[in-house]
Every structure is written in structure tokens, then in C-alpha cells.
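First comes the structure, then the notes that go with it.
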Ligand SMILES: [Cu+2]
């Protein structure tokens with residue numbers, strides 16, 4: 001019996017330790033929080049410099065102001081101090097799945113250098129992370145197929161960052177922009193020339209026959225409104 005109790009206690013301790021090891025991971029049918037960090041300091045940070053509360057919305061409505069985009073976050077850039085602790089409230093306003101992933105973080109604190117929030121539909125999540133002191137620009141995006149390409153991309157700068165990432169909607173140009181070539185065929189040229197000729201001839205006719213057109217207009221007016 002004693003051995004059984006000791007075993008039970010050992011098992012509970014093991015379970016607790018195991019759960020703590022996965023403290024960064026939280027998952028249910030609504031969403032997921034991975035690699036959250038509320039208290040472990042990066043090696044280069046003696047203390048947390050500032051606490052920043054950031055609310056980030058994700059949804060199709062935020063892409064409307066960006067031509068050709070379909071998904072977006074409501075904000076495309078944040079700038080925080082070195083060693084800042086960021087408390088993120090992530091809100092999904094769509095009925096589809098969206099993620100908020102931050103890449104390039106130190107691997108000893110964030111496995112695979114990644115902080116990851118995910119919502120399987122409309123909802124809200126809260127999680128924190130602590131950033132190192134390095135002056136750097138981190139990629140923030142949704143990794144679902146085509147969501148980043150269609151606009152769900154942003155950047156998190158520490159100490160002003162080390163430059164802009166490409167294709168941040170409203171901030172930076174893409175490395176390779178979509179190109180819509182004009183086909184300068186004979187038909188295209190003919191269409192342009194004919195359009196110009198028609199336009200010019202209308203102007204000339206109006207000038208040359210101005211008197212006649214005016215008297216015609218008068219006649220029509222008199223017929224419609226004889227009292228005048
Ligand atoms: Cu998404």
C-alpha cells in the first residue's frame with residue numbers, strides 16, 4: 001500500500017512537471033496558444049523594460065483598404081523597446097481559422113523560434129511573450145495556405161527594427177510585384193487610334209455646326225414648352 005501511495009505521488013509529480021514543460025502549449029477546439037512566455041527573461045535582458053498591451057484583430061474586413069488583398073491584421077507594424085514584455089490579445093473577426101505567428105525569436109526560449117496563436121473561428125485569445133534586446137524586425141503572419149500572400153502579414157520591430165520586411169500591406173513593396181502586361185498588338189493600336197478619331201470628330205462637329213445645333217435646340221425647347 002505504501003509503495004502504491006509513493007508511486008501515486010511520484011506519478012502526480014511527474015504529471016505536473018510534464019504539464020509545466022508544456023506550459024507554453026494550450027489547446028482546445030477553439031484554438032491554440034504555443035510558446036507563451038510570461039516570466040522567463042532572454043539572456044541579454046536583466047529585466048523587463050516595459051509592459052505593452054497590444055490588441056490584434058484578424059479578418060477580411062481589414063484587407064479592404066489594400067488593393068488585391070483578402071486577409072489582413074488591423075495593424076501592420078508595432079515597435080517596442082528592447083526587453084519588452086508584450087501582452088497580446090488576439091481577436092479573430094472571421095468565421096474561418098486564422099493564426100498569429102511571430103518568427104525569429106531565440107530558440108532557447110521559444111522552440112523553433114516561434115510564438116504561435118491560433119483561432120479556429122471568431123474568438124479571442126490572450127498570451128504574452130518577452131522579446132530580447134536585439135534591434136530586430138520580426139515577421140508576424142498567418143501561416144494558413146495563401147493567407148500571408150493575400151495580406152495577413154505584419155512586422156514587429158524592437159528598438160526601431162533592422163529594416164522593413166517585403167510585402168507588408170501599406171508599408172513595403174513586394175520583392176516581385178504582380179505584373180499585368182499590356183498586349184500592344186495591331187488591334188490594340190487600331191482601337192486606340194479609332195477611339196481618338198471618334199472623340200476628335202465629335203468635338204469638330206460641335207464647333208463647325210454650333211449655330212445649327214443651337215437653333216435646333218431652341219426649336220425642340222419651344223415645342224416642349226410653347227409658352228416660353
Ligand atoms: Cu489566416
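Quick notes on this structure:
- Filter result (within 13 Å of the ligand (Cβ to nearest atom), surrounded by fewer than 18 Cβ atoms within 10 Å (Cβ to Cβ) and farther than 25 Å from residue 29 by Cβ) within the range 107-152: 149
- Residue check, residue 175 closer than 30 Å to residue 71 by Cα, under 54 Å from the mean Cα position of the chain (by Cα) and surrounded by 10 or more Cβ atoms within 10 Å (Cβ to Cβ): no
- Among (1) surrounded by 21 or more Cβ atoms within 10 Å (Cβ to Cβ); (2) more than 15 Å from the ligand (Cβ to nearest atom), the one test that residue 104 misses: (1)
- Taken together, the criteria exclude residue 71 from residues that are away from the ligand (no atom under 13 Å from the Cβ) and either assigned by TED's automatic domain parsing to the domain that holds residue 124 or under 17 Å from residue 115 (Cα atoms) (or both).
- Qualifying positions in the range 138-167 - farther than 25 Å from residue 60 by Cα and either free of Cβ contacts under 8 Å to residues at least 40 places away in the same chain or in a strand (DSSP E or B) (or both): 158, 162, 163
- Residues that are within 16 Å of the ligand (Cβ to nearest atom), loosely packed, with under 15 Cβ neighbours inside 10 Å and without any contact (Cβ under 8 Å) to a residue 60 or more places away in the chain within the range 75-96 comprise just one, 95.
- Annotation for the range 28-51: at least one member residue is free of Cβ contacts under 8 Å to residues at least 24 places away in the same chain, more than 16 Å from the ligand (Cβ to nearest atom) and either surrounded by 13 or more Cβ atoms within 10 Å (Cβ to Cβ) or closer than 22 Å to residue 120 by Cβ (or both).
- Tally of residues being touching a strand residue (DSSP E or B) at 6+ places or on another chain (Cβ under 6 Å), in a loop (DSSP other than H, G, I, E, B) and over 23 Å from residue 120 (Cα atoms) across the range 83-101: 1
- Hits in the range 31-75 (condition: at negative phi, in contact with a helix residue (DSSP H, G or I) (Cβ under 9 Å, 6 or more places away or on another chain) and in a loop (DSSP other than H, G, I, E, B)): 69, 70, 71, 74, 75
The values are calculated or read from the model by the stated rules, or taken from the named source; none is laboratory data. The shown structure was predicted, so the numbers you read here are calculated from the model rather than taken from an experiment. A quick note on method: Cβ atoms are made from the backbone with ideal geometry, for glycine too, and the neighbour counts reach across all protein chains shown.
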